[in-house]
Amino acid sequence: MKARDKKNGFDWSSVDDVLLDLDGTLLDRHFDNVFFEVELPRRYAAKHGLGLEVAQERLMQLYRAVEGQLVWADLHYWTGTLGIDTVALTRELKHLITFLPDAQDFLHHLRSYGKRVSIVTNAHTSGLQIKVTKTGVDQFVNRIVNAFEIGHLKMHPEFWPICHRLIGFDPKRCLYIDDDEACLTAAQQFGLRHLYHRSKSSSQDPPQPSSRFASIESLQELIASSS
C-alpha cells in the first residue's frame, strides 16, 4: 500500500532502504555533549590540577586536531591520549543514553511499512556496544554499520561505496537521515536520493536547521499523515 506524508510530500513507496544515523538522530546527543564537553574536561582538569575552562579549551584543541579522522571517534585513542578510561566513563554515564522522544515510534512505523532499516554510525565499537545494550536499538533494525568496520568516517566519500557493498541498497530508493551536514553531503555525492537533516539532535538544545538539506525537527514529520 502506498503511504504518503502529505505535509512533506514524502512517498514511502519510493523507498526500500532506510539508513539512520545513531547519535543525534535516534539517540539523544545530550549524552555525547555531556561526555565530551563537560565530564571528560572535568576529569582531565582534576587529573592535571587545571581549572575547568582551561581543561575544556585544551580538549577542544585536541578534538580539532584530529577532527574528521577515524581516531576522532575512537574511545581507545582518547583513553591513551588523555590517560582517562573513556569506555569506563561511557558506562558511568550510560543513564544519559536514551532515545530521542520520537525515535522508537518512527522505528515501529518503518517496521510496519516493511522497510529494511540500517543504522550507519561513526560511534566507536566499544561505545556502540554500551549504547546498544542500554537502549536495545538493535532490535529495531536489520543491521548496524559503524565507521570502524569500514575504516572511514561517514563524512568521507570512501565510506559510502563500502557501506553500499555491505548493505546492498539502491541509492535511488534509499532514505538517509542524519544530523550532520557533512555526512549528508558525502551520501549525496555517492548518489543517495532521499536525504533529510535532523535539526533537533539533543533534547536539551534548540533545533539547528540546515541551509543545505531539507530539515526535520521531529521524525514524526515523515509519518504524520502516512497511515
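The values are calculated or read from the model by the stated rules, or taken from the named source; none is laboratory data. On a predicted model such as this, the values are computed, not experimentally measured, just so you know. All Cβ positions, even for glycine, are placed from backbone atoms using ideal geometry, and neighbour counts span all protein chains on display.
Going by what's in this entry, would Asp23 be described as of a type in the set (D, E, K, R), in contact with a Cys (Cβ under 8 Å, 6 or more places away or on another chain) and under 29 Å from Gly136 (Cα atoms)? So Asp23 does not fit the description; no. Take the conditions surrounded by fewer than 20 Cβ atoms within 10 Å (Cβ to Cβ) and in contact with a helix residue (DSSP H, G or I) (Cβ under 9 Å, 6 or more places away or on another chain) and apply them to Gln208. Does it pass? Spelling it out, it is not the case that Gln208 is surrounded by fewer than 20 Cβ atoms within 10 Å (Cβ to Cβ) and in contact with a helix residue (DSSP H, G or I) (Cβ under 9 Å, 6 or more places away or on another chain). None of Ala65, Ala55, Ala88 is in a helix (DSSP H, G or I) and either surrounded by 15 or more Cβ atoms within 10 Å (Cβ to Cβ) or modelled with pLDDT under 95 (or both) except Ala55. I'd like the full set of residues that are under 22 Å from Leu107 (Cα atoms) and either of a type in the set (Val, Ile, Thr) or crowded, with 21+ Cβ neighbours inside 10 Å (or both), limited to the stretch 148-168. Listed by number, the residues that qualify are Lys154, Cys163, Ile167.
The test for being at pLDDT 95 or above and under 20 Å from the mean Cα position of the chain (by Cα) holds for Ala73.
Quick one: in the stretch 169-198, of everything that is under 18 Å from Ser210 (Cα atoms) and aromatic (Phe, Trp, Tyr), which residue is surrounded by the most Cβ atoms within 10 Å (Cβ to Cβ)? Here the residue is Tyr176. Here Lys115, Lys134 are screened, and the one residue that is more than 17 Å from Ala73 (Cβ to Cβ), modelled with pLDDT of 95 or more, surrounded by fewer than 22 Cβ atoms within 10 Å (Cβ to Cβ) and touching a Ser or Thr at 6+ places or on another chain (Cβ under 9 Å) is Lys134. Whether any residue in the stretch 87-106 is within 15 Å of Val38 (Cα to Cα) and among the charged types (D, E, K, R) is what I want to check. Yes, because at least one residue in the stretch 87-106 is within 15 Å of Val38 (Cα to Cα) and among the charged types (D, E, K, R). Restrict the check to the stretch 8-18 and report whether at least one residue is modelled with pLDDT of 95 or more and closer than 22 Å to Ser203 by Cα. Scanning the stretch 8-18 turns up no residue that is modelled with pLDDT of 95 or more and closer than 22 Å to Ser203 by Cα.
Being of a type outside the set (Phe, Trp, Tyr) and within 15 Å of the chain's Cα centre (by Cα) holds for only one residue in Ile130, Ile84, and it is Ile130. Looking only at residues of the stretch 185-227 that are free of Cβ contacts under 8 Å to residues at least 60 places away in the same chain and polar (S, T, N, Q), we find that the one that is farthest from Ser112 (Cα to Cα) is Ser211. Please verify whether the stretch 10-29 includes one or more residues that are free of Cβ contacts under 8 Å to residues at least 24 places away in the same chain, of a type in the set (A, V, I, L, M, F, W, C) and assigned to a loop (DSSP other than H, G, I, E, B). No.
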